[in-house]
Amino acid sequence: MTIEFQKLDLNALPGDVSVPSYDRTSLKPRVAHIGFGAFARAHVAMHLHETLAAGGGDWGLRVIELFGTPDLFDKLAENDHLYTLVETADEGTNTRLLGAVCETQHVARDGVAALIDGLAEEQLKVISLTITEKGYCVTNGKLDLDNPMIQQDLKAPEAPQTAIGLIVAGLAKRRALGNGPITVMSCDNLPHNGVLCGVAVREFAAKQNAELAAWIEENVSFPSTMVDRIVPALTDESRDLIRESLGGQVDLNGIVCEPFRQWVIEDNFKAGRPQWELAGAQLVADVEPFEEMKLRTLNGSHSFLAYLGFLAGKETIADCAADPVFYAEARKLMVDEQLPTLDVPGDVDLEAYADSLLKRYSNSKLKHRTWQIAADGTQKMPQRWLNSVKFHLANGGDYRHLVLGIGGWMNYIRADRNGESYEVVDPMKEKLAEIVAKDGGDTTTYVDALLALDSVFPSELVANDEFKKAVHKAYQAVAEKGAAQAVADLAD
Ligand code: CS2
């Protein structure tokens, strides 16, 4: 069913829906956010909203999209850039209109030149990013020069298609205009996301112009951040919840998420920043222990539940958490196999952290689909599982849950759940489909062909016989017994 756009009527909102309390007329685009998907709406923009509510100021947000159509941005503008955030849990919901966004730019509506000019504006001090793991176009720690979009952007830097190409074009213009330093802040689920982003931007710039690369070195910082909030893609059910929470009004830009949120930011800004600490963000000198803790425990257990849960017929993470076997084994993955690999950030109680994650997974109001999390496995497995496996191989630890996750993924990408087919979303999906199509029933050849994907599985792992044998066994366990039984067999 298509839902018609209606302009929000602020006078007709239910009494418990809060609206921005700060002066929105003074907002200027001083932060530009590339990739305004569900997560950015509920996290990055919400933190700026709270910062403004607590301290006022003019730090407005320009949101930028490089893909899709501008329809939702047009609707956002018609609503004076206000949109709805509903935080939901079994205990109840909390609804508010967020007001930090003051401008939208869509490449298909405004043209790429306007986006480049925007990044060069003097008053803009921070470029933030949620462009997903694949958006950085980095492979094995380097800019992926084989990526066709990067190749195209290097040929035509004035008309970039990638976020990295756009940022470099914006920085080049900024330098030419003498508009001063700026910060580029990654908010994606990658370890050392700032370092990685810096590598991509610097290497891209160096390919064009050594002076530009030197200017970037001097004038641009790339802080790392750890971001956390579970924000599922919208479903019919969450759209209904938004409408219900607005007393029957429709907001096509509305979003639903869990109440929990965390943001840990490396305090390394070249040209000032909003006072995000007023919104509860932690500004620290070193984000790495927080990033690794979150990536390995939360995202690592998410991916475990995504592949094995999906294959076992569980549609959402809450369905997985409601199954005592999946709950117990996800907990063991975190506590026995991920926590030993971590440096504890500050005074965090890691076991209590793992339990708090399981509690969040049990939120039955969030319909976070296992299929959604299963997307882009080739981009996610290294930081979620494989770095921990390396640790265990070096230290003699147990990694059978992690390896069952890999076996689950190798079964998942066959796009066959007991005869039912589904879409496998992954930037390497053609290559994966080719390997699946070539499989003549010899599991050894199939598993080896996947292990040979060197942007996913590091050569030192593949050279390890113990690891290889464990992967073969895990793949077979899921293929022969089914995911539910393979997970149940993990029980001591
Ligand atoms: C999830 C994350 O889709 C996924 O891969 O693991 O989006 C997860 O929900 C967030 O990182 C939570 O902060």
TODO: Rounded to whole Å and sorted largest first, list the principal axis extents of the Cα atoms in the chain.
DONE: 62, 57, 47
Open item on the list: Whole percent per 5 Å bin, from 0 to the bin with the longest distance: what is P(r) over all C-alpha pairs of the range 288-489?
Closed with: 1, 8, 17, 21, 22, 16, 10, 4, 1, 0, 0
- [ ] Compute the Rg to Rh ratio over the range 10-284 from the alpha carbon atoms, using the Kirkwood formula for Rh, and round to two decimal places.
- [x] 0.97
Open item on the list: Restricting everything to alpha-carbon atoms, can you work out Rg to Rh for the range 131-282 with a Kirkwood hydrodynamic radius?
Closed with: 1.06
Open item on the list: For Glu430, project a label point 7 Å along Cα to C-beta. Then give me every residue of the range 155-186 with its amide nitrogen under 15 Å of that point.
Closed with: none
Task: Cross-link table Lys314/Lys367; Lys390/Lys468; Lys125/Lys270; Lys28/Lys75; Lys75/Lys365; Lys125/Lys173, entries beyond 18 Å C-alpha to C-alpha - done: Lys28/Lys75; Lys75/Lys365
Task: Long-range HN-HN contacts of Tyr83 with modeled amide H, under 5 Å - done: Leu98
Task: Theoretical ellipticity at 222 nm over the chain - DSSP helices of four or more residues, -39500 (n - 2.57) apiece, nearest 500 - done: -12500 deg cm²/dmol
- [ ] With a bin width of 5 angstrom, please list the P(r) values of the range 402-492 as percents of all Cα-Cα pairs, from the 0 bin to the one holding the largest distance.
- [x] 3, 13, 24, 26, 21, 10, 3, 0
Open item on the list: Let me check against my output: what whole-number percent is the relative contact order of the chain, with C-alpha pairs under 8 Å and at least 6 apart?
Closed with: 14
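Per 0.36 nm of contour for each residue apart, how much would the distance between Glu315 and Leu234 grow if the chain were fully extended, relative to their Cα-Cα spacing? Display every interim value, and only then the final one.
Values: separation 81, 0.36 × 81 = 29.16 nm, distance 1.47 nm.
Contour length minus the Cα-Cα distance gives 27.7 nm.
Bear in mind these aren't lab numbers, they're just calculated from the coordinates by the rules spelled out. The structure presented is a predicted model; accordingly, all values stated were derived computationally and were not measured. For neighbour counting, all protein chains shown are included, and Cβ atoms are generated from backbone atoms with ideal geometry for every residue, glycine included.
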